[in-house]
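Beneath this line is the structure, given in structure tokens, with notes to follow.
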Amino acid sequence: MKKEIDLKDIVKMQNLYIEIFYEEDEDCPDRRVIVQKEKAVQKILDKITNNKGEQLAIWGVIQRESWNTEDKTFKPICDKLRELGYAILQKDVKND
């Protein structure tokens, strides 16, 4: 079975990563907010694969390869996920 990730899930995880980062950067981070966002990330990762090693690899890519500042795309994330053997699916949001 070919490994696949929906682009919308990549976007959701990247947004959650940024929100977690912002919350952790506060003077008094609200751990309740962070935990809820981490649970949301885990729910997406569980939908992609139940292999914990692969989940860690995917989340690591989201954290390290977040954005291409030159062309303003998710290309670095997608390229690294393809290197891990994933096909990136871009479904029409209206059909989901």
Single residue of the range 1-39 satisfying the filter (aliphatic (A, V, I, L, M), without any contact (Cβ under 8 Å) to a residue 40 or more places away in the chain and open to solvent by less than 40 Å² (accessible area, probe 1.4 Å)) that is nearest to Ile77 (Cα to Cα):
Leu16
Scanning the range 40-53 for residues that are of a type in the set (S, T, N, Q) and free of Cβ contacts under 8 Å to residues at least 24 places away in the same chain, which turns out most open to solvent (accessible area, probe 1.4 Å)?
Asn50
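For the condition under 12 Å from the mean Cα position of the chain (by Cα), at pLDDT below 95 and among the aromatic types (Phe, Trp, Tyr), what is the one hit in Trp59, Trp67?
Values: Trp59 fails: at pLDDT below 95.
On inspection, the qualifying residue turns out to be Trp67.
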Would you please list the contacts, defined by Cβ atoms under 7 Å and residues six or more apart or on different chains, that run from a residue in the range 75-92 that is over 16 Å from Gln63 (Cα atoms) to a residue that is charged (D, E, K, R) and assigned to a loop (DSSP other than H, G, I, E, B)?
Ala87/Lys2
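Restricting to the range 77-96, name every residue that is surrounded by 16 or more Cβ atoms within 10 Å (Cβ to Cβ) and either modelled with pLDDT under 90 or part of a helix (DSSP H, G or I) (or both).
Ile77, Cys78, Lys80, Leu81 - these are the residues of the range 77-96 that are surrounded by 16 or more Cβ atoms within 10 Å (Cβ to Cβ) and either modelled with pLDDT under 90 or part of a helix (DSSP H, G or I) (or both).
The values are calculated or read from the model by the stated rules, or taken from the named source; none is laboratory data. A quick note: this is a predicted structure, and the numbers were derived from the prediction, not measured. Backbone-built Cβ (ideal geometry, glycine too); neighbour counts: all protein chains shown. Just so you know, the surface numbers come from the protein's heavy atoms only, side chains and all, with ligands and any DNA or RNA stripped out. Shrake-Rupley method; radii C 1.70, N 1.55, O 1.52, S 1.80 Å.
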